[in-house]
Each structure stands twice: as C-alpha cells, then as structure tokens.
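*Asks:* Below is the structure I would like to discuss, written out as structure tokens.
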Amino acid sequence: MPLDTAIEYLKGVGPQRAETLKKELGIFTFGDLLYHFPFRYIDRTRFHRIRDAQTEGEQVQFRGILRRLETLGEGRARRLTGTLRDETGAIELVWFQGIHWLEKNLQVGKEYIVFGRLSEFNGRVNIAHPEMEEANPENTQKARHFDPVYPSTDKLVQKGLDAKGLRKLTRGLLDSLSPADLPETLPDPLMGSYRLLSRWEALQKIHFPETQTELDAATRRLKFEELFFLQLRLLQIRTRRKDASRGFVFDKIGDFFNRFYQEKLPFELTGAQKRVVREVRADVASGRQMNRLVQGDVGSGKTVVALMSMLMALDNGHQACLMAPTEILAQQHFTNLTELLGDLGVNIGFLTGNVKGKKREAILAQLASGEMHAVVGTHALIEDWVQFQSLGIAVIDEQHRFGVEQRAKLWAKNRGSLPPHVLVMTATPIPRTLAMTLYGDLDVSVIDELPPGRKPIVTTHRTEHHRLRVQGFMKEEIAKGRQVYVVYPMIEETETVDLQNLMSGYEALSRDFPQPEYQISIVHGKMKAADKDFEMQRFLRRETQIMIATTVIEVGVNVPNASVMVIENADRFGLSQLHQLRGRVGRGADQSFCILLTGFKLSADARERLQTMVQTNDGFIIAEADLRLRGPGNIEGTQQSGMLHFRIADLARDGQILTAAREIALKILEKDPSLQLPEHARLKRQLETETKDGRVWSRIS
Ligand code: ADP
Ligand code: MG
C-alpha cells in the first residue's frame, strides 16, 4: 500500500528531512503525512480592497494593476519596488531578493493577483515579498481557495519544512495518489444517509478546500470517521464482554436488602436513586457481568445506591467491596456504611495499606474464609494479597483516580471463578461526550435528581477588599453553631510556597479567631495520616469550628453541620475542583454558603470559572463549561488517557457528531456483532488495520 511507504521516499523528502519529520511530528509514512491535518487555513477565497488594508500583519489577497516598478538603492540596500492599484486605492510592493528574475517577468500595466502580509514601513503600509500571479479569468477562479497551515516546529523550518514546505509535500503526495490508494472505510448506505463525503474526497478537501462548504464537509466526514471507529471498537468490547463474561446471578432479594430497605434506610429514595437501583438489579440478575458507571452530582446520594447494590451480593452468598481513592474517604465511607447498616448483622471491615499486623491478618483471613461479608478500603484492596472467598461485586467510588488497568485487575479478582460485578461511581459529573469516550465500554446510569429539601448553596465571589466582612460573616455562622471550611490551593509544582501560604493563613486566622472562643483544625497533605485523622475527627465531633485544609478534603468528606466554604485563591482551582469543594457544604438542613476569594487581577478564563460557579449549582452544566474552557485533555483525571487524543475530533464541540456516531455504531453491532455481513466488510477491515497499526489499541488498553 502506498500509504505504508516510508516518508523518505516521497518526492522532496529524502533521508534527512525524513528524520526530522519522524522526530518532530511522528510522521513515518505517506499515510502519516496525509493525516497530518492543517490546524488553520488562510482564507484566499476573496479579494480584499486595497483601501481597507490597514492592519499590520494581516494576510491579504488583492487583484489590481501593476502601475510602477523600479529598482532603488545600491548593494545591500538594493530593492525592487512597485505600486499596485485597484478601484479603491494603491499600495506599495517591495522585494529584496530575486530582483533580477522579477524585473524580467513582471510587467507594468498588467493585472495581477497579489498575496502577502501587510507590514508597515516608514509609516506606510506595504507588502514585502508578495506572491505575484498574472490575473486571467482562469486563475482568478483558482486563486480563490484556502491555504492550509500545518503545525510545524523550529527544526522543521530549518529544514525548509515550514507551513509552505509541508503544503508542497502534501500537495505532491495527493497528486501521486489515486482513489484506489485510499479505499473507502465506511459503508455506502451510511455515507448516503448521513451525507458524508467519500474518504478520498474528504482527504483532498481537508488539505486543499476551495470553499468553506467543502472544508466543512471534509471536516465533518473525518471527525465522524474518527469518532465512529472509536465508538465501534468500544461498543464491540462491551458487546463481547457481555456475551463472553458470564457473571454471578443474584436472583434473590433477601433479608439483608429487604431489612435494610424497610428498617434502616433513614429516608425515602429519590426517583433517580430508585431507577438506578433497578438498573443495577437488572444487570446482576442477567447472568452477565455488570460493568456500570453511575454518574451523579455531588450530594445526589450515590453512597446508598452503592450500599444497596452490595447487599444484593450478600443476599446471594457473595461478598462485596467498596474502594475509595483516599484513606480519609475510605474511612468516611466505612463509618457511613457501618452507621447505615446498624444491627443488620453485616460483618464489614476496613482495609488500607495502613492497616497492619494482627488487624490486617484477621481481616485477610475472614475475607478468604467468607466470614467477612464486605470490606471498605483504598486501592490496597486490589493487591494480590487480598483474597476473597467469593467477591460478588466491587464498587469503585470516585473513579477518575482509578485507571482502566486497575479496573481490569478487579475483573481478575476471582481466579478460576466468575469475575465480580463492577459498579463505578464518578465523583462529579463529566460531560456526556467524555463519558461516552472514557467509559464507552460501560453502561451508564445517571442520578439526575437531588434529595428533596436541599437549599441551593449561595455562592459569592469576593476580593481581598472584603476579607474583614467575610470574617464577620464566618463569626455569625459559627455563633449559630455552624462550622466553616477554609481551603487553600496546593499543587505539586508550587508546593513550598503553597504550604507557606496555608501556614500564614492559619496564623492570621488564629489571631482573628482567638482561643478559647474559637478552635481551629488544620489538615494538609504533608501531615501524617494519623494526625490528619485526629484533626478530622475533632472537626466532625464539633470540637473545632474552623477547618483549614488543602484539597485533601476535596473528595467525599461529609460533615453535615458545616455550612460555609471559604476558598482562598479560588482562581487557581479548576471548575470541577471548585464544584467538588463547594459540595462539602449544603449537606445538612441549613442554608449554606460558598465564598470564592481572589485578588483583584484575574485572567479571562478565571473570571469565567468564577462566574459559572456563582451562577449555577448544577454539576453537569459546570462540567460542560469546564470542558469548553480547558479542553478534554485537561479535565481532571483524564490527563493520562490516550483516548482523548484525536487528530481532528474535538469533544468540546463535536457532541452531535459523537452522539450520531455512537448510535450508528450501536445499531450496526446490534444487527451484526462481529461484523460478518458483507455490507460491513469495510468496517471490519478498517478495525483490523487500526489494530495492526497498534495506534488505537494503545488508546484503549
Ligand atoms: P454523593 O453522591 O456525593 O456521594 P452521598 O451519598 O454522600 O452523596 O449523599 C449525600 C447526603 O445525602 C448524605 O448525607 C446522604 O445521607 C443524604 N441522602 C442520600 N440520599 C438521600 C435521600 N433520598 N433523601 C435524603 N437524603 C439523602
Ligand atoms: Mg460520594
């Protein structure tokens, strides 16, 4: 296949340039170059009017008569200048090189198409080294097009491969190919019904479109193709797993579940919680392994859904585990579940890397014998030394800190027997497009309803200016018996400074909130686990009124009496973090408040983040805004994921195409799960080619 040909054999490349193309852009083959898409285009579809050309640096295309041409200066200052005139005005053109050739070939009085960048010289606008082409009816039409601009690097530019050089290579490559070299990957009926260009046409037009319409059509086709094959692959994994991986059948709803529901559950489930419990129930009774993601906003009540799912396993003679990303959170879950279960007779344990010695041995022995029904812990639970008698279900809370690999480790937990059912819970909502990609192989449930009676948290943005008033407000709330969080940013790169800020904040606060009237807790990442825990417990028991902390309290911590969240340097947090932090309050019956403190100077992005927070409490809306502002690669927890590196698709913008791609892929697989039908031959071949390339696989596994 010509597309597999090594890039050095392309006309105009050779070994040296090939080396640079490989190193700088990862372009090894003809195909790689073909899929190195422009990141923008220079619009040459129209002619500018000379009178309007004022902005230095702007790229313009004129059509006019060359009125004057003369050589000025001597030696190094020698230059050729000319005047171009259209109906609206005149502009100076100037060349410092190639003068001889230009003098011979340009003719005063003729009409030219002139393209270049406006610059300012001696207070006048001119164009240095414009491209000149004689205007005639034919090339006037041809001149109207878009010029592709490719990502390039300094090293490439040194080798003559700037945007123009890459443009020339790509043009040459496309001219050397025929449609047979770029076989279609999509079935004809699909292209017809979804109005997609052919692959051949799309690849021509993505590089060299003549109109905006052509560019849009090519872009749409290529985005669709990229998203479609990823979805097809993810859904195929899901289908195969469903077919292949039989799962434990929990056909009984027994005493644990029923007694919990009737005697222990302290509230009525929301409609959304009931729906998700039903979905889980259907999964675990189906005979296939459940792989389900539960998405729900902070405080939507995921924990109790997790617990009820775990009880289904217990009722059928299996064990359950709940895994959390941090020690504190695991501890909190354990306390929570123990409390909810009361005297139900569930033997539930707690296991993290810090549980050692006899305690650990006892738990391990009970898990292995089946005497212990359930265990809550951190990722220590997936270590090999933890063996279950029969793990029926694994719940992973706050999934985004667990990698796909870790999930896979869980599936292998019951050696020789069936894999456990897996229920993944996200900490915060993630945008739909991201969910479809990152968790495209899972079934998704959404808890889109908050428990009744929640008062929306009132969020305000305050600057340094208001610090005294903010403190006054904190004192009022504390006087009412409430508690307050004060959170400082802490990131690895600026850790030392951040820690200093936190400590000086603590000292300042200790002065303004003096003992014995006020007690202050402090928790940060540099403290020992035991010390952190001690401080957390004091705050929980209301022995302290203020908790100063870094983002260690971000996930999951539940202190219903806390009603004020003050976030210092709020502009330094990402949206999802801010939303998480805010979710720490508003858990009780009281009106809660979130105060975002910043300096005066803010970037446009920071301002938009803060505004979003002030305007809405809806985690799904916030997640969409976060995606828009930061792009998919920067959303928390997704950085490592190769799944989000697209050539052309953009999850922040291409939600519609993605939804369509997924629906179409789903329909195809429902009809033909292993793509055996002749009409799906192209799809099958394309998946196989991608697999062979190894590229797509590295994204998914
Ligand atoms: P998250 O989804 O953020 O993990 P939690 O499970 O921690 O939320 O629940 C938040 C709070 O809401 C807890 O105090 C929990 O007891 C309470 N809660 C959960 N479901 C309901 C409900 N249906 N009605 C009233 N309160 C509920
Ligand atoms: Mg939670």
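The values are calculated or read from the model by the stated rules, or taken from the named source; none is laboratory data. What you are looking at is a predicted structure, and each value in this text was computed from that prediction instead of being measured. All Cβ positions, glycine included, derive from the backbone under ideal geometry; neighbour counts span all protein chains shown. Just so you know, the surface numbers come from the protein's heavy atoms only, side chains and all, with ligands and any DNA or RNA stripped out. Shrake-Rupley method; radii C 1.70, N 1.55, O 1.52, S 1.80 Å.
*Asks:* Is there a residue being touching a Leu at 6+ places or on another chain (Cβ under 8 Å) and among the polar types (S, T, N, Q) anywhere in the range 72-89?
*Replies:* Yes.
*Asks:* Within the range 561-570, identify whether any single residue is over 30 Å from V355 (Cβ atoms), in a helix (DSSP H, G or I) and in contact (Cβ under 8 Å) with a residue 12 or more places away in the chain, and answer yes or no.
*Replies:* yes
*Asks:* Suppose we filter L322, L293, L337, L314 for residues that are more than 10 Å from ligand 1 (Cβ to nearest atom) and open to solvent by 10 Å² or more (accessible area, probe 1.4 Å); which single one remains?
*Replies:* L314
*Asks:* Are there helices (runs of 4 or more DSSP H) fully within the range 103-214 with at least 2 residues that are exposed (fewer than 15 other Cβ atoms within 10 Å of the Cβ)? List them.
*Replies:* 137-142, 154-158, 163-176, 188-193
*Asks:* Here's another thing I want to ask about it. Looking at N561, N569, N501 in this structure, which one is within 16 Å of ligand 1 (Cβ to nearest atom) and surrounded by fewer than 18 Cβ atoms within 10 Å (Cβ to Cβ)?
*Replies:* N561 is the lone residue from the list that is within 16 Å of ligand 1 (Cβ to nearest atom) and surrounded by fewer than 18 Cβ atoms within 10 Å (Cβ to Cβ).
*Asks:* Is one or more of the residues making up the range 271-283 in contact with a Gly (Cβ under 6 Å, 6 or more places away or on another chain), modelled with pLDDT of 95 or more and in a loop (DSSP other than H, G, I, E, B)?
*Replies:* Filtering the range 271-283 for residues in contact with a Gly (Cβ under 6 Å, 6 or more places away or on another chain) gives 273.
This time we only want the ones that are modelled with pLDDT of 95 or more, so: 273.
Then keep just the ones that are in a loop (DSSP other than H, G, I, E, B); that gives none.
The answer is no, given that none of the residues of the range 271-283 is in contact with a Gly (Cβ under 6 Å, 6 or more places away or on another chain), modelled with pLDDT of 95 or more and in a loop (DSSP other than H, G, I, E, B).
*Asks:* Here is a further query. Kindly indicate which of E371, E339, E361 is acidic (D, E), over 16 Å from K413 (Cα atoms) and assigned to a loop (DSSP other than H, G, I, E, B). Walk me through how you get there before you give the answer.
*Replies:* Numbers: E339 fails: assigned to a loop (DSSP other than H, G, I, E, B); E361 fails: assigned to a loop (DSSP other than H, G, I, E, B).
It is E371.
*Asks:* With V249, V277 as the choices, which residue is out of contact with any strand residue (DSSP E or B) (no Cβ under 8 Å at 6 or more places or on another chain) and outside the structural domain of F334 (by TED's automatic domain parsing)?
*Replies:* V249
*Asks:* Here's a follow-up. Of the residues F260, F224, F229, only one is touching a residue at least 12 places away in the same chain (Cβ under 8 Å) and either touching a strand residue (DSSP E or B) at 6+ places or on another chain (Cβ under 6 Å) or in the same structural domain as L410 (by TED's automatic domain parsing) (or both); which?
*Replies:* F260
*Asks:* Any chance you could count how many residues in the range 269-290 are within 13 Å of ligand 1 (Cβ to nearest atom) and in contact (Cβ under 8 Å) with a residue 24 or more places away in the chain?
*Replies:* Of the range 269-290, the ones within 13 Å of ligand 1 (Cβ to nearest atom) are 269-277.
Going one step further and asking which of them are in contact (Cβ under 8 Å) with a residue 24 or more places away in the chain, we end up with 269-273, 275-277.
Matching residues across the range 269-290 total 8.
*Asks:* Return the residue satisfying two criteria in turn: it lies in the range 253-287 and is hydroxyl-bearing (S, T, Y) and more than 16 Å from ligand 2 (Cβ to nearest atom), and of such residues it is least open to solvent (accessible area, probe 1.4 Å). Quick ask: steps written out before the conclusion?
*Replies:* The first filter runs over the range 253-287 and keeps only residues hydroxyl-bearing (S, T, Y), leaving 261, 270, 286.
From what is left, the residues that are more than 16 Å from ligand 2 (Cβ to nearest atom) are 261, 286.
Working: Y261: 93, S286: 64 Å².
Here the answer is S286.
*Asks:* Given (1) more than 27 Å from E134 (Cα to Cα); (2) of a type in the set (S, T, Y); (3) in contact (Cβ under 8 Å) with a residue 24 or more places away in the chain, where does T71 come up short, assuming only one miss?
*Replies:* (1)
*Asks:* G342: small (G, A, S) and either open to solvent by less than 40 Å² (accessible area, probe 1.4 Å) or more than 16 Å from ligand 1 (Cβ to nearest atom) (or both), yes or no? Lay out the reasoning, then the answer.
*Replies:* Working: small (G, A, S): yes; either open to solvent by less than 40 Å² (accessible area, probe 1.4 Å) or more than 16 Å from ligand 1 (Cβ to nearest atom) (or both): no.
It is false that G342 is small (G, A, S) and either open to solvent by less than 40 Å² (accessible area, probe 1.4 Å) or more than 16 Å from ligand 1 (Cβ to nearest atom) (or both).
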